[in-house]
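Novice: Can you keep this structure in mind? I'll have questions shortly.
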């Protein structure tokens, strides 16, 4: 019996090469879990949505022509803008719009002074784009005048004086601003609205000017009676 038992044991061992595991199903590797297709789909949808929203935002900022909106004039500025101009005043036209793509520094020009008027050739102001002129008042004070061609082609004539910092020299920047060389305040070239800087609530005073025989004419009475704007707005 012992020899038969040993033979039977050897046969069973040969039938099971791995004697440690009796369940053949346990030897089969488990099937891989299906890929999370739904999660991947949602990720793709989310990425596309972000791209669409970003494109709309950029288009809204640039507009159809790619230009940013003009700065808005605050109520504090509005009560002083054009305070020296008569009702219905129309700025002088230089005949053509201008696009500023580089920095323009002030050009010093001399104005002719007569009994009641100050004048300077329109052609000189147009060629210079940005000018500064000095006017000697009857009280002995020297008043800096500014003239520049707006992007629309109209001419701005005014007092080149930034009340809080008392800066007189300005620069036209390629970003479409008139920038004070003293305090760095930026103003919109077209509207004179303050954009940034400590004096942005103080617009330069525009002067009424007329065109006579090719000359830009300013009445001396307006210059002699001019006083700076009161410092009644925030500075800084």
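The values are calculated or read from the model by the stated rules, or taken from the named source; none is laboratory data. This structure is a prediction, so every number in the text was calculated from the model and none was measured. All Cβ positions, even for glycine, are placed from backbone atoms using ideal geometry, and neighbour counts span all protein chains on display.
Novice: What are the pairs, 6+ residues apart or on separate chains, where a residue within the stretch 74-96 that is at positive phi has its Cβ under 8 Å from a residue that is modelled with pLDDT of 95 or more and assigned to a strand (DSSP E or B)?
Specialist: 82/206
Novice: Criterion first (assigned to a loop (DSSP other than H, G, I, E, B), modelled with pLDDT of 95 or more and on the phi < 0 side of the Ramachandran plot) does residue 182 satisfy it?
Specialist: Details: assigned to a loop (DSSP other than H, G, I, E, B): yes; modelled with pLDDT of 95 or more: yes; on the phi < 0 side of the Ramachandran plot: yes.
The answer is yes for residue 182.
Novice: What single numbered condition from (1) in contact with a strand residue (DSSP E or B) (Cβ under 7 Å, 6 or more places away or on another chain); (2) surrounded by 11 or more Cβ atoms within 10 Å (Cβ to Cβ); (3) farther than 21 Å from residue 151 by Cβ fails to hold for residue 108?
Specialist: Status for residue 108: all satisfied but (2).
Novice: For the condition buried (at least 17 other Cβ atoms within 10 Å of the Cβ), outside any helix (DSSP H, G or I) and touching a residue at least 12 places away in the same chain (Cβ under 8 Å), what is the one hit in 131, 102? Give the derivation first.
Specialist: Working: 102 fails: buried (at least 17 other Cβ atoms within 10 Å of the Cβ).
From the options 131, 102, the qualifying one is 131.
Novice: Which residue, of 198, 152, is within 21 Å of residue 96 (Cβ to Cβ), touching a residue at least 24 places away in the same chain (Cβ under 8 Å) and assigned to a loop (DSSP other than H, G, I, E, B)? Break it down into steps so the answer makes sense when it comes.
Specialist: Values: 198 fails: within 21 Å of residue 96 (Cβ to Cβ).
Sole residue among the options that is within 21 Å of residue 96 (Cβ to Cβ), touching a residue at least 24 places away in the same chain (Cβ under 8 Å) and assigned to a loop (DSSP other than H, G, I, E, B): 152.
Novice: Next question. Tell me the residue from 214, 236 that is surrounded by fewer than 13 Cβ atoms within 10 Å (Cβ to Cβ) and modelled with pLDDT under 95, please. So that I can check it myself, show each step before the final result.
Specialist: Values: 214 fails: modelled with pLDDT under 95.
When all the criteria are applied, what remains is 236.
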